[in-house]
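As structure tokens, the structure follows; a few thoughts come after it.
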Amino acid sequence: MESKRIRVWDLPTRLFHWSLLAAFVGAYLTGDVFDLLEPHQWIGLSMVFLLSFRLVWGFVGSTTARFNQFVRGKEAVSDYLNGRWQGVGHNPLGGWSVIAMLTLLVAMTVTGLFANNDADFTAPLTFLVSDSFSSLLTSAHHLLFKLLLVVVAVHIAAIFFYKIVLAKDLVSPMLKGDAPAESDNDASTQGGGMIAVIVACVIAVLAVWGASGAWHQPPTKPAVVNTSDW
């Protein structure tokens, strides 16, 4: 008899996950491989949208996406490490890894908004800080990206570990949304309806507008008046 299947991840969470992966790969290619800074900037702004959406979704989204459902204390982490934890969605250790990854992603994206390349390119909000501070944030941006490459590598290794050693598929549920229930008490994720999606999208769009510097009107240069008589 086939085990009961439940909805583990809602559609917005899944779209966020794979869109963020695509943006991260795009940021790497445009920033580190091909040195295409204008496309790199647009990808950075797309990450502002995605991360802003996810932060809001962590409060108004469906149950498995909410921070208060998967950010648990050390006792829950200990229970998980000792095989005493069962649940739907992120496990206690995985929940903290999500928080760590989101923190690094936000820090990398924010520092990138103030970066420069010491030549002909400045990020949208560089005008708000001094040249020296912009250079410092640029260095932090590059360092955070390297740290994230390590974190992503560990994340991928963990997926293979779960698949090969624990015989648990983490990829299919993030693609399809459903997974076999592990106990009779497991239930599908709830909440996160259309109103929540609209609220999260509106806030994310406002975040992009702020990050883009579109609200800033640089001072216009005074017109040159020709006082010559000839």
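The values are calculated or read from the model by the stated rules, or taken from the named source; none is laboratory data. Bear in mind that the values here come from a model prediction, so they are computed numbers and not experimental data. Glycine also receives a Cβ, built like all others from the backbone with ideal geometry; neighbour counts cover every protein chain displayed.
Restricting LEU81, LEU29, LEU20 to those that are surrounded by fewer than 20 Cβ atoms within 10 Å (Cβ to Cβ), of a type outside the set (Asp, Glu) and within 23 Å of VAL197 (Cβ to Cβ) reduces the list to LEU20. Close Cβ contacts (under 8 Å, 6 or more residues apart or on different chains) running from residues in the stretch 158-183 that are in contact (Cβ under 8 Å) with a residue 24 or more places away in the chain and within 22 Å of TRP96 (Cα to Cα) to residues that are assigned to a loop (DSSP other than H, G, I, E, B) and of a type in the set (Phe, Trp, Tyr) comprise PRO173/TRP9; MET174/TRP9; GLY177/TRP9.
For the stretch 103-120, the set of residues classified as part of a helix (DSSP H, G or I), touching a helix residue (DSSP H, G or I) at 6+ places or on another chain (Cβ under 9 Å) and surrounded by fewer than 17 Cβ atoms within 10 Å (Cβ to Cβ) consists of ALA107 only. A residue that is modelled with pLDDT of 80 or more and not aromatic (Phe, Trp, Tyr) occurs nowhere in the stretch 218-228. Is there a residue being surrounded by 14 or more Cβ atoms within 10 Å (Cβ to Cβ), in contact with a helix residue (DSSP H, G or I) (Cβ under 9 Å, 6 or more places away or on another chain) and closer than 18 Å to ASP35 by Cα anywhere in the stretch 143-150? Scanning the stretch 143-150 turns up at least one residue that is surrounded by 14 or more Cβ atoms within 10 Å (Cβ to Cβ), in contact with a helix residue (DSSP H, G or I) (Cβ under 9 Å, 6 or more places away or on another chain) and closer than 18 Å to ASP35 by Cα. GLU75 falls short on exactly one of the conditions (1) touching a Phe, Trp or Tyr at 6+ places or on another chain (Cβ under 7 Å); (2) in a helix (DSSP H, G or I), and that condition is (1).
Restricted to the stretch 185-218, and to residues that are under 20 Å from SER62 (Cα atoms) and in a loop (DSSP other than H, G, I, E, B), which residue is farthest from the chain's Cα centre (by Cα)? Per the stated criteria, the residue is ASN185. Summed over the stretch 121-134, the residues that are closer than 12 Å to GLY213 by Cα and part of a helix (DSSP H, G or I) give a count of 3.
Inspection of the stretch 91-98 identifies no residue that is of a type outside the set (Val, Ile, Thr), surrounded by fewer than 15 Cβ atoms within 10 Å (Cβ to Cβ) and in contact (Cβ under 8 Å) with a residue 12 or more places away in the chain.
Just give me the residues in the stretch 171-184 being under 20 Å from LEU50 (Cβ atoms) and outside any helix (DSSP H, G or I), in sequence order. Result: GLY177, single match.
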